[in-house]
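None of the figures in this text is laboratory data; all of them are computed from the coordinates on show. The model shown is predicted, which means the values in this text are computed figures rather than measured ones. Here the Cβ positions follow ideal geometry from the backbone for every residue, glycine too, while neighbour counts run over all protein chains shown.
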Amino acid sequence: MGLQAYLTLAAVVFCIGFFGVITRRNTIGILLGIELMLNSVNINLVAFARFSGDVTGMVFTVFTICITVAEAALGLAIVILLFRVRRTVTADHLDLLKG
Amino acid sequence: MTGDGTFALAALLLHALAFLVLAVVAPLRRLGRPAAWFSILCAAGSLVSALLAWQRHAGDAMSRLVWEWLPAQGQTLATVGVLADAESTIMLTLVALVACLVQVYSLGYLSDEPAPSLGRYYAYQSLFAFSMMGLVLAPNFVQLFICWELVGLCSYLLIGFWYYKPEAARAAVKAFWITKAGDVGLLIGIVLLWRQSGTFDLTEMRVLVDNGALPLAGLSLITFCIYLGAVGKSAQFPLHVWLPDAMEGPTPVSALIHAATMVTAGVYLLLRTEWLFALTPDVLLIVAWVGAFTALLAASLACAQDDIKRVLAYSTVSQLGYMMTAIGAGFAAAGFFHLLTHGLFKALLFLGAGAVIHAVHGNDLPQMGGLARRMPQTTVVFLVGTLSLAGIPLFGGFLSKEEILGAVWAGGLTGPFVLLMMVAFLTAFYMFRVVFLAFFGTPPARDTHPHDPPMTMALPLWILAALSLGVGIYFAVAGPALPFGPAEHEFTSPDWLMPAAVGAAVGGILLAWLTYQRRAIDAATLASALGPIRHAALRRFWMDDLFEGVYGLGLLGFSRLIGWIDRYLVDGVLNVVSAWTVTSGDDLRTMQTGRAQDYVYGVALGLMILLLWVRWALA
């Protein structure tokens, strides 16, 4: 399997994540979509690192995963706070910025 | 010989002290009479100082007492202080004398006034006397202009002293604005003159002129602008309309401000800058013609008035025209001489008229009549004033008037001379018309039991009457050598001048006697014979109408046009733009849904556009 297959996989995962971000009505679903998109980027990084023989990409991916964990924790905390205040986690109902 | 300016300065500062104390110490001011006595005390001290200053500066002694005021780049732009010489100290004495007498007189005249209002009156009076003295003694144009405005302000405050009377309030505003129109000219003139000469100082400028160092180009414009200030202040045609209306103020105010001192400030200004005007004979010619015309116009108006104070007001305008004509003829000293004697007897006439008004409670001549038996003292002093004004020998106004006529003749101004002779006749006529209507003849049906005024009012009247007569007799004995200026007579009057002037005056008196005393000539017939002129005089020669027309059509019309442009064009454009902004903002608002995912669409769309742009536009 060449580099192209990994890149295709990453693109597919990215599109699935992006689709989830725009179509899910549940805020937690949106967060999951974002995680998918980030992971597709990780796949890209690892694939390029593997095929070019440079470990920089792999090291970078470890950092990305760490930060993603923090981001997920932060995102979930926001969602829980939102639920406490607004009694809902449906994105369509969270339209305080409506003009 | 140098004099000592301290006495002149003391005279000035005593009035300032009186004003400051009355203005700041409100409890004293509200007490009324104690405030008045304090002010009178200061005025008396000021009079003594002024007399001493005059005595020190007789002849050609001159002293300057100045302090630096406006420093500018290593030199002094303007100073304040006093410039005491023969002219200014004699004028100072006149101001101090009339101010002091008027303050004493006011004590009786305004005895019915509530105490706080009386205190306010005396505060204004002191401020006026201070400002007028500051004007008289001004060593430079800046101080002169400041004091010039201050006396205008005092005039406004005192005309409107009974501010609850609508006519008084209107008259005050009218006087303020019309004189202000002239003052603008004065200010422009002063600044232009500064640009030309580099100094505001009168003495320095005089040196420049004497050395011929002052550039003559454009000087006519400058002197004309300065003359404009004098036109406003000294009520020359066409800005004379404010003075008759100013009679709404208390009569002592009219005597001090609108007869003896403030209105003569214009004449005094031209006298002080006589050497400057001498360089511009064309402007002097205008001064002379306007003066003579004003004199005739006002004298004819005075004949048609029924209000005793208005007759005197027009008479003042007319006499100011006399002085101006003399200055225009190039003999300012003659005009100044008349200014001094006029100050005495016109103050006397106004105060006498005040006594009459006080007694009969009205200004109208038909309400008076037969007062000679009821008010013998007032009648005597009023007659002295009238004879002085008419120019009868031995009385104050005789020599000064003849001096002016001689000066105008010597100046070669035949036209103004003829006008002034007619004015001499008219002056005698209208003054004796007042005398015969008010003091002789039959009393009116409604009798108010008039009586001579109390001591505080009678004393100033007698002093002024004695001075009017004394000045006349002094000069008749000592010869017409002026106590100031060049000792030599600058001109010789022709021999026929004195009989002619006296003849005109006696003719006027005779006509008045025949018309109003003997009734040999019916007043109504006389009036109808002069039909159109009388009609015009009753309408004040349409001068007020003209000003109202200019104001109503010109100024108000222009303002309305500007208002319309502002309201509909400027505001209209702004309103359209703002309304458009509001509606478009309202429409665009709906773009903001508040849903996070819609923004993600936006981000994706933007990213796609960016990518396409990078791919095709920048490739």
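Per residue, the convex hull spanned by the alpha carbons of chain B comes to 263 Å³. Taking the Kirkwood radius as the inverse of the mean 1/r across Cα pairs, report the Rg/Rh of the stretch B:328-484. Rounded to two decimals, Rg/Rh equals 1.04. With contacts taken as Cα pairs under 8 Å at a separation of at least 6 residues, the stretch B:89-223 carries a relative contact order of 19 percent. Relative contact order of the stretch A:3-90, taken over Cα pairs closer than 8 Å and 6 or more residues apart, is 29 percent. In summary, the lysines within cross-link reach of B:LYS180, defined as a Cα separation below 29 angstrom excluding same-chain residues under 8 places away, comprise B:LYS165, B:LYS233, B:LYS309, B:LYS346. Using θ = phi - 60° in the Karplus curve 6.51 cos²θ - 1.76 cosθ + 1.60, the 3J(HN,Hα) couplings for the stretch B:215-229 round to x, 8, 4, x, 5, 4, 4, 5, 5, 5, 4, 4, 4, 4, x Hz; x is entered for Gly and Pro.
With N as its number of residues, the stretch B:342-413 has a Cα radius of gyration that, divided by 2.2 N^0.38 Å, comes to 1.37. Simple rule: put +1 on each Lys or Arg Cβ and -1 on each Asp or Glu Cβ in the stretch A:3-90, find the dipole, and look at A:GLY53, A:ALA70, A:VAL85; the Cα lying farthest toward the positive end is A:VAL85. Hydrodynamic estimate: the Kirkwood radius of the stretch B:188-345 over Cα pairs, inserted into Stokes-Einstein at 10 °C and 1.306 mPa s, corresponds to D of 100 µm²/s. Each principal axis of the Cα cloud of the stretch B:58-110 was evaluated for its coordinate range; sorted largest first, these ranges are 54, 31, 10 Å.
In this calculation the C-beta distance from B:THR590 to A:LEU97 is compared with R0 = 22 Å, giving a FRET efficiency of 0.95.
Based on Cα atoms of the stretch B:266-328, Rg over Rh with Rh as the Kirkwood radius reads 1.09. Across all Cα pairs in the stretch B:282-414, the calculated P(r) in 10 Å bins from zero up to the longest distance comes to 13, 39, 30, 14, 4, 0 percent per bin. The share of alpha-carbon pairs in the stretch A:3-90 lying farther apart than 23 Å comes to 33%. Under 5 Å from the amide H of B:GLY32 lie the amide H atoms of B:GLY119, each residue being 5 or more positions distant or on a separate chain, with H modelled from the backbone and absent for Pro and chain starts.
For the stretch B:185-236, dividing the convex hull volume of the Cα atoms by the residue count gives 77 Å³ per residue.
Could I get the Rg over Rh figure for the stretch B:132-193? Both from C-alpha atoms, Rh via Kirkwood, rounded to two places.
Value, to two decimals: 1.07.
Note on A:MET37, B:MET591, B:MET431, B:MET205: ascending count of other Cβ atoms within 10 Å places them as B:MET591, A:MET37, B:MET205, B:MET431, the fewest first. If you look at the Cα atoms of the stretch B:1-114, you get an Rg and a Dmax of 16.9, 56 Å.
Summary value for the stretch B:189-316: 26 percent relative contact order, contacts being C-alpha pairs under 8 angstrom separated by 6+ residues.
The 3J(HN,Hα) values that the Karplus relation (6.51, -1.76, 1.60; θ = phi - 60°) gives for the stretch A:27-36 are, in residue order, 4, 5, x, 4, 4, 4, x, 4, 4, 4 Hz. Gly and Pro appear as x.
Helical content of chain B, expressed as a calculated mean residue ellipticity at 222 nm, amounts to -23000 deg cm²/dmol (DSSP H runs of 4 or more residues, -39,500 (n - 2.57) each, divided by residue number, nearest 500). Put in order of Cβ neighbour count within 10 Å, fewest first, the listed residues A:LEU96, B:LEU555, B:LEU92 become A:LEU96, B:LEU555, B:LEU92.
With N the number of residues in the protein assembly as shown, Rg(Cα) / (2.2 N^0.38 Å) evaluates to 1.61. Mean partner shielding of peptide B:595-601, defined as the number of other chain Cβ atoms within 10 Å of each residue Cβ, is 5. Couplings for the stretch B:321-338, taken from phi via the Karplus curve 6.51 cos²θ - 1.76 cosθ + 1.60 with θ = phi - 60°, read x, 3, 4, 4, 4, 4, 5, x, 6, x, 10, 5, 4, 5, x, 5, 4, 5 Hz in order; Gly and Pro are left as x. In degrees between 0 and 90, to the nearest 10, how far off the longest principal axis of chain B does helix B:86-109 point, with axes built from Cα atoms? In chain B, helix B:86-109 runs at an angle near 90 degrees to the longest axis.
Look at B:ILE609, B:ILE463, B:ILE226 and count the other Cβ atoms within 10 Å of each Cβ; fewest to most, that gives B:ILE609, B:ILE463, B:ILE226.
Spacing of the modelled spin labels on B:VAL25 and B:LEU285, each 7 Å from Cα toward Cβ, amounts to 5.8 nm. Per residue of peptide A:24-30, the mean number of Cβ atoms on other chains within 10 Å of the residue Cβ is 1.
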